[in-house]
Amino acid sequence: MSVRRLHPEQPESFAFTEENAAYVQKVIARYPEGRQASAVIPALMVAQSQEGWISLPAIEVVAKLLDMPDIRVLEVATFYTQFQLSPVGRKAHIQVCGTTPCRLRGADDIIAICKNRLAAHPFELSTDGEFSWEEVECAGACVNAPMVTVGKDTYEDLTVETFNALIDGLVAGNPPTPGPQTERFFSAPQSGGAALTESALYDGSVIGKYRAFDREELTPPPAPAAAAPASPAVVPAPAADAKPAAEKPIPKVVEAQGQADSDKVPDQHKPALIEAARDGKPDDLKLIVGVGSKLEELLHKLGVYHFDQIAGWNEMNLKWVDQHLGSFRGRALRDKWIEQSGKLASGWRPPIHGGGQGGGNPV
């Protein structure tokens, strides 16, 4: 790695174009008053996209714009290798990852090609001024080593042949598609999957089946309703007068499994259920933590479509529903559905970011 210092030859001035200045102002407006310094990285990126590199006048303009000392902006520009501190090739500046995984898989050959075809030294322009290169620290694609970064694109799983082809494509203005330059799918194993290939691990069919905490025996999943044989010994047939004829029956797929009669919540605690969603528009029950598409389907079969239904339950209502969730028993109590649904019924929605609520559940 080379020492990151400003280029000895600097332009006399720098100014954002009218369009870029307007964009930077929009970025600054994202932050509270007094926190404009948070926009320093995007402001520098705009300056670099405009000029191709970061000059001292550009640093001074950004510092003044964000009310920062010049040295603070200089610290940011010299810390991140995404910022170029000297003029770079007009067509491409190639950043070669030179850390251990890439070195072990051929980065030395990639650097040798850069020296032979582009310029003898890092940050040195090619004779036509079209290309330059440098060695950088880990670029975050170790599985796909060796790799290079060109602008916003990465080219991975390189060989001598494919890297030469990349340079040829850049010269012609028609570079190859970014990503692995082999048949590999992103960062998947080159030979294809060799472990965790059983689809049941991902389709949700075994979730909740292994309950070591109470030594419950594993029972086979229920057969589809159309093919399910009558089995009075497992699912007692209800008496003829046990429920009104018009009441929606509990589907077999969500009946309580292996629950002792003494533990069952009697039907007197059954909450109000409905035949269909109001106006044909059910709430997105997957917003409830612990509820995925399969569990949402079970709730619909029970007659639960809306947050305010759940929010209006008492503890015994919740226990009654929970005992009819089959292999998903325990979720309604554990994840406090009543409290969650009360917030969701009032209009609250979880923030949108990685991890999130509900949507990340595989069930």
### Selection within region 50-78 - without any contact (Cβ under 8 Å) to a residue 12 or more places away in the chain and not aliphatic (A, V, I, L, M)
K64, P69, D70, E75
### Task
Looking only at region 131-142, decide whether some residue is in contact with a helix residue (DSSP H, G or I) (Cβ under 8 Å, 6 or more places away or on another chain), charged (D, E, K, R) and at positive phi.
no
### Query
In region 2-26, what residues are over 17 Å from D70 (Cβ atoms), in contact with a Ser or Thr (Cβ under 9 Å, 6 or more places away or on another chain) and surrounded by 12 or more Cβ atoms within 10 Å (Cβ to Cβ)?
N20
#### Entry: Count of region 261-310 residues which are closer than 16 Å to D322 by Cα, without any contact (Cβ under 8 Å) to a residue 60 or more places away in the chain and among the basic types (K, R)
3
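When you scan region 245-290, how many residues do you find that are β-branched (V, I, T) and modelled with pLDDT of 90 or more?
If we filter region 245-290 for residues that are β-branched (V, I, T), which is where we start, we get 250, 253-254, 265, 274, 288-289.
Imposing the further condition that a residue be modelled with pLDDT of 90 or more reduces the set to 274, 288.
Count: 2.
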### Task
Scan region 296-331 for residues that are on the phi > 0 side of the Ramachandran plot and in a helix (DSSP H, G or I) and jot them down.
G326
### The listed residue being out of contact with any Phe, Trp or Tyr (no Cβ under 8 Å at 6 or more places or on another chain) and at pLDDT below 95, out of G140, G89
G140
### Task
Could you list all residues from region 28-57 that are within 12 Å of F14 (Cβ to Cβ), of a type outside the set (G, A, S) and part of a helix (DSSP H, G or I)?
L44, V46, Q48, Q50, E51, L56, P57
## Note on the structure
Checked S38, S49, S55 against criteria (surrounded by fewer than 17 Cβ atoms within 10 Å (Cβ to Cβ) and closer than 14 Å to S86 by Cα); the one match is S49
### Query
Can you name every residue in region 284-295 that is part of a helix (DSSP H, G or I) and surrounded by fewer than 21 Cβ atoms within 10 Å (Cβ to Cβ)?
K286, L287, S293, K294
### Task
Can you tell me which residue within region 328-362, out of those that are closer than 25 Å to N314 by Cα and at pLDDT below 50, is surrounded by the most Cβ atoms within 10 Å (Cβ to Cβ)?
G358
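The values are calculated or read from the model by the stated rules, or taken from the named source; none is laboratory data. Please read these numbers as outputs of a predicted model, since none were measured by experiment. Please note: Cβ atoms are built from the backbone with ideal geometry, for glycine as well, and neighbour counts cover all protein chains shown.
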